[in-house]
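K.L.:
Have a look at this one.
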Amino acid sequence: MQPITHADLLPLERYARERGAWRERVIAHKKPRTLQVGPHTTWCFEDRLTIHYQIQEMLRAEKTFEAAGIDDELAAYNPLIPDGANWKVTLLIEYTEPAERDQALAQLKGIEDRCWVRVAGQAPVFAIADEDLERENEEKTSAVHFLRFDLTPVMIKALKSGAQLSVGIDHPMYEHRIDPVTRLSIQALLADFD
């Protein structure tokens, strides 16, 4: 997938007019690309459209229209677009109660490194996490992580031929999986390899 450039972005005024339609389109697009893995984690598989939308939203929220500010957003978000041989995932750790969340984040240190995807008949592929910056400290992990899963050509070919996909987390304090992922979600995720 090609990175997003200045030429791809809508001016703030035009985006404000079209924002509702953009939002509806992206929500529908993200639905099969979002997986609830256990009761407290959501995996959002990013692609060019989801990242384009995120950049537009950031520019809008920050009222950024100068080239340097736009360059900063492009530099921050473009690395989250898959490159044709991987999936890029935003991992969200979600607890509604602040005290419960704080306790869970302390217990879930290292969870980002224990996330995996597996194509049927293949070894699991564990995430490469948080390449941009460290999101964990001595006390706790972050509620948001950015993951990359590098798949081999054999794995991609198998998925395109109908192989099942499983995803999961093997952390001592949080073991959950989806086995198998629905065909609808697999079809949506296969677009990242075109």
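Just so you know, all these numbers are worked out from the coordinates, no wet-lab data involved. Since the model is a prediction, treat every value here as computed from it, not as a measurement. Don't worry about glycine lacking a Cβ; one is built from the backbone with ideal geometry, like all the others, and counts go over all protein chains shown.
K.L.:
Between THR141, THR64, THR42, where does the largest GNM mean-square fluctuation fall for the chain, given springs only between Cα atoms within less than 10 Å?
P.N.:
In the Gaussian network model the winner is THR64.
K.L.:
Moving on. Which GluC sites (Glu not before Pro) in region 10-85 pass both tests, a DSSP loop state and at most 13 other beta-carbon atoms within 10 Å?
P.N.:
Passing both the DSSP loop test and the Cβ count: GLU62, GLU66.
K.L.:
A follow-up question, please. Is there a quick way to get the dipole size of region 71-194? I mean about its Cα centre, with the Cβ of Lys and Arg at +1 and of Asp and Glu at -1; what is the value in debye to the nearest 20?
P.N.:
880
K.L.:
Turning to a different aspect of this structure: Tell me which GluC sites (Glu not before Pro) from region 112-168 have a DSSP coil assignment and no more than 11 other beta carbons within 10 Å of their own.
P.N.:
GLU131, GLU134, GLU138, GLU139
K.L.:
To continue, here is another question. Rank PHE45, PHE65, PHE146 by mean-square fluctuation in a GNM of the chain with C-alpha springs under 10 angstrom and give only the top-ranked residue.
P.N.:
Maximum among the listed residues: PHE65.
K.L.:
By the scheme Lys and Arg +1, Asp and Glu -1, what is the net charge of all other residues having a beta-carbon under 11 Å from that of TRP87?
P.N.:
Its environment carries a net charge of -2.
K.L.:
A further question follows. Express in % the proportion of alpha carbon pairs of the chain at distances exceeding 31 Å.
P.N.:
22
K.L.:
List the trypsin sites (Lys or Arg not before Pro) within region 1-80 that DSSP assigns to loop and that have no more than 13 neighbouring Cβ atoms inside 10 Å.
P.N.:
Those that pass, being in a loop and sparsely packed, are LYS63.
K.L.:
For the chain, with a Gaussian network of springs between Cα atoms less than 10 Å apart, report the residue from ALA21, ALA158, ALA127 with the top mean-square fluctuation.
P.N.:
ALA21
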